[in-house]
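Novice: I am attaching a structure below and will ask some questions about it afterwards.
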Amino acid sequence: MQRYFVPPGTISDGHAVLSGGDFHHIFRVMRMKPGDEVLLNDVDGRSFLARIERFSADAVFLSVQKEASGNPSLNVTVAQGLIRREAMEWMIEKATEFGVSGIIPTLFSRSVVKIEDAETGRKKTERFQKIAKEAAEQCHRTAMPKIWEPVSLSDLPFSQFDRIWVAYEAAGPEDGLSSALVESRPEDRILAIIGPEGGISADELAFLQSRGARVIQLGPRILRSESACLYLLSVLSHHWGR
């Protein structure tokens, strides 16, 4: 069944109205008709079964039938070092499918990609949000991951998390992910920091450790930046059954 993430206020008094891209997808792409049913997800992560009642020239009107069961996501936000566009967009799509709860595009000293001004950052955020929305709908998530605006490493919201992990290519076996998992619980709010293509500098690592970050090793091989995030999420998903 097709799923759509809807903005606040869309569902009210047992009814919903969709326009814009969602209307186009329902009417033009899926060619749905009155009587067909879809799932609507609100901003609080709740899912509702809704039936199409009628169409206008630019909107679809639905009646909400009942609240549907959801599925849990990982309580993990990834601070992903900004990388080239194709890799970054692929990572956001797949991380959404793997259950990430949030993604913070992060500027490191070795980031090849730069944010020239606020308008560039805004446009990137909108693009990233669109990718996450489509991926969340495709894999039937009940909550869409939060996509933050790009920030510098020093401006990460460290205080919002219970645990901070930083994947470091020079970490040793004593920093294995398994030991970090033993000390963690599924409900812990985890910030996982992944560096860009050029890696994390010694100064940046020292700064992160001063903010309480724990170094973790993601296996014996050096992973691409976009792969490291997915490796971590897949291990956590398997470990916690989410």
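Novice: Got a sec to turn the phi values of the stretch 150-159 into Karplus ³J(HN,Hα) couplings, 6.51 cos²θ - 1.76 cosθ + 1.60 with θ = phi - 60°, whole Hz, x for Gly and Pro?
Specialist: Result, ordered by residue: x, 9, 7, 4, 5, 9, 4, x, 4, 5 Hz.
Novice: Averaged per residue, what accessible surface does the stretch 1-157 expose to a 1.4 Å probe, in Å²?
Specialist: Solvent-accessible surface per residue comes out at 50 Å².
Novice: Long-range amide H contacts for ARG189: which residues qualify at under 5 Å (H placed 1.01 Å from N, peptide plane, sequence gap of 5 or more or a different chain)?
Specialist: Here ASP162, ARG163 satisfy the definition.
Novice: Using a 1.4 Å probe and ignoring any ligands, DNA or RNA, find the accessible area of HIS24 and quote it in Å² to the nearest 10.
Specialist: Ignoring ligands and nucleic acids, HIS24 comes out at about 100 Å².
Novice: So, one more: What do you reckon, how do TRP165, TRP90, TRP148 stack up by accessible area (1.4 Å probe), largest on top?
Specialist: The residues order as TRP90, TRP148, TRP165, largest area first.
Novice: So how exposed is ARG84, as accessible area in Å² (1.4 Å probe, rounded to 10)?
Specialist: 110
Novice: Between VAL112 and ARG46, what is the spin-label point distance in nm, taking each point 7 Å from the Cα along the Cα→C-beta axis?
Specialist: 4.6
Novice: If you don't mind, there's one more thing I want to ask. Quick one: work out the % antiparallel among DSSP beta bridges in the chain, nearest 5.
Specialist: DSSP beta bridges in the chain are roughly 45 percent antiparallel.
Novice: Taking only pairs that are 8 or more places apart or on different chains, how many Lys pairs in the stretch 62-186 have Cα atoms under 18 angstrom apart?
Specialist: Counting lysine pairs in the stretch 62-186 gives 12.
Novice: Next question, about the same structure. Per residue of the stretch 222-235, in order, report the coupling 6.51 cos²θ - 1.76 cosθ + 1.60 (Karplus, θ = phi - 60°) as ³J(HN,Hα) in whole Hz, putting x for Gly and Pro.
Specialist: 7, 9, 4, 4, 5, 7, 4, 4, 6, 4, 4, 5, 5, 5
Novice: Still on this structure, I have one more. Hey, what do the phi angles of the stretch 52-59 turn into as Karplus ³J(HN,Hα) couplings, whole Hz, using 6.51/-1.76/1.60 and θ = phi - 60°, x for Gly and Pro?
Specialist: So the Karplus estimates, Gly and Pro as x, are 5, 9, 6, 10, 10, 5, 9, 8 Hz.
Novice: Across bins of 5 angstrom width beginning at 0, how are the C-alpha pair distances of the stretch 192-236 distributed, in whole percent?
Specialist: Reading the bins upward from 0: 5, 20, 29, 25, 17, 4.
Novice: Which value in deg cm²/dmol, rounded to the nearest 500, describes the helix-derived mean residue ellipticity at 222 nm for the chain, given -39,500 (n - 2.57) per DSSP H run of n ≥ 4 and division by the residue count?
Specialist: For the chain, the value works out to -9000 deg cm²/dmol.
Novice: Now for a different question. DSSP loop (so not H, G, I, E, B), at most 10 other Cβ within 10 Å: list which GluC sites (Glu not before Pro) in the stretch 126-182 pass both filters. Working shown, then result.
Specialist: Details: sites: GLU126, GLU134, GLU137, GLU169, GLU174; in loops: GLU169.
Nothing satisfies the criteria.
Novice: Give, as ranges by residue number, the residues of the stretch 105-132 whose backbone N falls under 12 Å from the point 7 Å along Cα→Cβ of VAL151.
Specialist: From the stretch 105-132, the list is 105-107.
Novice: Find the centroid of the Cα atoms in the stretch 169-223 and in the stretch 92-161, then give the distance between the two in whole Å.
Specialist: 19
Novice: In addition: Rounded to the nearest 0.05, what FRET efficiency do ALA59 and ASP162 give with R0 = 30 Å and r taken as the Cβ-Cβ distance? Could you check? Please report the intermediate quantities before stating the final value.
Specialist: Details: r = 43 Å, r/R0 = 1.42.
Computed FRET efficiency for ALA59 and ASP162 comes out at 0.10.
Novice: Springs between alpha-carbon pairs under 10 angstrom, Gaussian network model over the chain: which of ALA118, ALA213, ALA167 fluctuates most?
Specialist: Its mean-square fluctuation being the largest, the pick is ALA118.
Novice: Based on the Kirkwood radius over alpha-carbon pairs, what is the Stokes-Einstein translational diffusion coefficient of the stretch 119-242 at 10 °C with 1.306 mPa s viscosity, in µm²/s?
Specialist: Here the translational diffusion coefficient equals 99 µm²/s.
Novice: Give the peptides 100-110, 176-186 in descending order of average Cβ contacts within 10 Å, highest first.
Specialist: 100-110, 176-186
Novice: Still on this structure, please answer the following. Got a number for carbon plus sulfur as a percent of the stretch 18-69's accessible area, 1.4 Å probe?
Specialist: 47
Novice: Amide H of GLU197: which non-local residues (sequence gap of 5 or more, or other chain) have their own amide H closer than 5 Å, using H built in the peptide plane?
Specialist: For GLU197, whose amide H was placed from the backbone, the distant partners under 5 Å are VAL112.
The values are calculated or read from the model by the stated rules, or taken from the named source; none is laboratory data. From a predicted model like this one, the values you see are computed outputs, not experimental measurements. Ideal geometry is used to build each Cβ from the backbone, glycine not excepted, and the neighbour counts take in all protein chains shown. Only protein heavy atoms, including side chains, enter the accessible area calculation; ligands, DNA and RNA are left aside. Shrake-Rupley method; radii C 1.70, N 1.55, O 1.52, S 1.80 Å.
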